[in-house]
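Read the structure below first, then the notes.
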Amino acid sequence: HSTSEIIILKAAEFKKTKIDYTGTEPSSPCNKCLNVSWDSTPPCTCTINFTLEHAFESNVFMYYGLSNFYQNHRRYVKSRDDSQLNGDNSSLLNPSKECEPYRTNEDKPIAPCGAIANSMFNDTLELYRIDNDTRTPITLIKKGIAWWTDKNVKFRNPTGDGNNLTALFQGTTKPVNWPKPVYMLDSEPDNNGFINEDFIVWMRTAALPTFRKLYRLIERKNNFQPTLQAGKYSLDIAYNYPVHSFDGRKRMILSTISWMGGKNPFLGIAYITVGSICFFLGVVLLFIHHKYGNRNTSADIPN
């Protein structure tokens, strides 16, 4: 069971904090934002204060989590055009029919088309450390959150002048629920358009209705100080993403990982359970063998 114990002990070393900011409770600071719509301007903002009981020593991964959101519905999963997302110019102006009813809007092709892109998560989360009533922003890294193959192979901007995305997407319109077009997702050219990493992360659909997706990275600056010290923090939220209509919930998750991945003791428990069952069956079969194995099983055949 040594392997199982190592896995469980490693899982216990992980640090994890979860902050629900849905705002369904009347006392929640985000309750005022509960009935927000996609196109609310200016966006509803709220702040949630929390305390980290233990320091986070290694690199910290910041996730957003959604509940009761079925990204695994068949029509939803198919509602995209991979050729368009791969930078094919003809698909850009003539998207796949799988994208209906989010294929065109006002006689213009939607880029990116489909229900997955249309429902992209668009809350903005900012983290601050509070020390003697002074708020110090925590540096959140937005690059490096998507799979390398997605960023460099599967998702590409239309061919042409990469420094002028506005011209490349000319003749298209933004998804219905988006406040701005795809070529304005980021100010940096290598993180804009179809290769925007927040967009790429969202387009990799989840298998279960409760899921989390990587939002930002918090890197450890040196070996002498933890990445996030124990103490008071505040989470500033630009609350744009409506979930109340389908009884969904939203949360922010801070987590560390190791060579095993995230905190998940399931594998260690599974090893111990299966090993215990095998040991018990071995004892039972050994007992049966000793009790009945030496009997003469040959039958006397009469002449």
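The values are calculated or read from the model by the stated rules, or taken from the named source; none is laboratory data. Since the structure is predicted, the reported quantities are computational estimates derived from the model, not experimental observations. Methodologically, a virtual Cβ is constructed for each residue, glycine included, from the backbone with ideal geometry; neighbour enumeration extends over all protein chains shown. Keep in mind that these areas ignore ligands, DNA and RNA; they rest on the heavy atoms of the full protein, side chains included. Shrake-Rupley method; radii C 1.70, N 1.55, O 1.52, S 1.80 Å.
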Problem - Residue within segment 43-56 that is in a helix (DSSP H, G or I), in contact with an Asp or Glu (Cβ under 9 Å, 6 or more places away or on another chain) and surrounded by fewer than 16 Cβ atoms within 10 Å (Cβ to Cβ) present - result: no
Practice task
State which residue is modelled with the lowest pLDDT when the search covers only segment 231-263 and only residues that are surrounded by 15 or more Cβ atoms within 10 Å (Cβ to Cβ), small (Gly, Ala, Ser) and not in a strand (DSSP E or B).
Solution key: Gly262
Practice task
Could you please let me know if Val283 is modelled with pLDDT of 90 or more, surrounded by 14 or more Cβ atoms within 10 Å (Cβ to Cβ) and part of a helix (DSSP H, G or I)?
Solution key: no
Exercise for the section: For Asp198, indicate whether it is in contact with a strand residue (DSSP E or B) (Cβ under 9 Å, 6 or more places away or on another chain), closer than 30 Å to His73 by Cα, in a helix (DSSP H, G or I) and of a type in the set (Asp, Glu). Expected result: yes
Exercise for the section: With respect to Leu214, determine if the residue is within 20 Å of Leu66 (Cα to Cα), assigned to a strand (DSSP E or B) and open to solvent by less than 10 Å² (accessible area, probe 1.4 Å). Expected result: no
Practice task
Taking Phe69 as the residue in question, decide whether it is open to solvent by less than 20 Å² (accessible area, probe 1.4 Å) and assigned to a loop (DSSP other than H, G, I, E, B).
Solution key: no
Exercise for the section: Report, by residue number, each residue of segment 126-153 that is of a type in the set (A, V, I, L, M, F, W, C) and either within 19 Å of Lys180 (Cα to Cα) or assigned to a loop (DSSP other than H, G, I, E, B) (or both). Expected result: Ile138, Leu140, Ile145, Ala146, Trp147
Handout entry: Where Arg156 falls short, out of the listed (1) in contact with a helix residue (DSSP H, G or I) (Cβ under 7 Å, 6 or more places away or on another chain); (2) in a loop (DSSP other than H, G, I, E, B); (3) within 23 Å of Glu219 (Cα to Cα)
Key = (3)
Practice task
Under 6 Å between Cβ atoms, at least 6 apart or on separate chains: pull out the pairs that start in segment 174-203 with a residue that is more than 19 Å from Cys99 (Cα to Cα) and end on any residue that is of a type in the set (Gly, Ala, Ser) and open to solvent by less than 10 Å² (accessible area, probe 1.4 Å).
Solution key: Tyr183/Gly193
Completion exercise
For Ser91, the lone unmet condition from (1) assigned to a helix (DSSP H, G or I); (2) within 25 Å of the chain's Cα centre (by Cα) is (2)
Practice task
Please identify the pairs in which a residue from segment 77-97 that is farther than 19 Å from Gly160 by Cα has its Cβ atom under 7 Å from the Cβ atom of a residue that is among the acidic types (Asp, Glu) and not in a helix (DSSP H, G or I), counting only partners at least 6 apart or on another chain.
Solution key: Ser96/Asp81
